[in-house]
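Just below is one structure, and these are the notes that go with it.
The values are calculated or read from the model by the stated rules, or taken from the named source; none is laboratory data. From a predicted model like this one, the values you see are computed outputs, not experimental measurements. Positions of Cβ are backbone-derived with ideal geometry, glycine not excepted, and every protein chain shown enters the neighbour counts. Heads up: the accessible areas ignore ligands, DNA and RNA and are worked out on the full protein's heavy atoms, side chains in. Shrake-Rupley method; radii C 1.70, N 1.55, O 1.52, S 1.80 Å.
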Amino acid sequence: MSDFQIKSRATGAKQDTRWRTSSHGEDAARPGQLDVSAFTSGTHYNIPGQDKNVIPSGVAVAKLANGLYGPYSATAGADDSDPRRTLAGYINDNEGVSLGDDPATAKPTFARLVHGIVKPSLLPIASQRATVQTAKTTVSITYVED
C-alpha cells in the first residue's frame, strides 16, 4: 500500500520578500559591498523575527563617501549633502546578507535593487518606511500600497 500523506518542512534560511511586490527589476540588480560598521545591531540586524547577524532583504541603502553601502537615513548628518540621505537601492538578496559569527570583520557583498516595485509598509526597518517614497534617489523605484 502506498503512503500519499503530505509532509512539509522548512529548509534554508528565513525569507520575507513581500516588500518587493513583483519580480520586476529583480534581475537587474547591481552588486555592492556593505560597510558593516555603518549598520547597528538591533536596528539593522539582530532584529526580532530575523536570523542572527543577518541584514534582512529590503533594507534601504545609500552609497557612502568611502564607496561602500550603508543604511539609508533621511535624518543622517547635518544637511542634505550627507550621502546617507540619498537612496541608492535596496538589499535584494532573498535571504538577506549574513554577517557571519563576527559582524565587525565581515565584508559582505550584496545584490542591490535599483529598479523595481516596492511596498514601503513591508520594509523590514520601520524608520525607513515613511521616508523612502520622498527620498532623494539615484534609482528608479515605483512605490505601491494597498
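For the reader, a short list of remarks on this structure follows.
- Under Karplus coefficients 6.51, -1.76 and 1.60, residue-wise ³J(HN,Hα) of the stretch 108-122 in Hz, glycine/proline x: x, 9, 8, 8, 10, 6, 10, 8, x, 10, 10, 9, x, 5, 9
- Average accessible surface area per residue within the chain, 1.4 Å rolling probe, Å²: 57 Å²
- Whole-number percent relative contact order across the chain, with pairs defined as alpha carbons under 8 Å at least 6 apart: 29 percent
- For the stretch 58-67, Karplus couplings with θ = phi - 60° (6.51, -1.76, 1.60), whole Hz, Gly/Pro x: x, 6, 6, 10, 10, 7, 7, 4, 7, x
- Charges were assigned to the Cβ only: +1 to each Lys and Arg, -1 to each Asp and Glu. The resulting dipole of the chain about its Cα centre is roughly 80 debye.
- Amide hydrogen proximity for residue 32: with H placed 1.01 Å from N in the peptide plane, the residues at 5 or more positions away or on another chain lying under 5 Å are 110, 112.
- Summed side-chain charge close to residue 78 - residues other than residue 78 whose Cβ falls under 14 Å, Lys, Arg +1, Asp, Glu -1: -1
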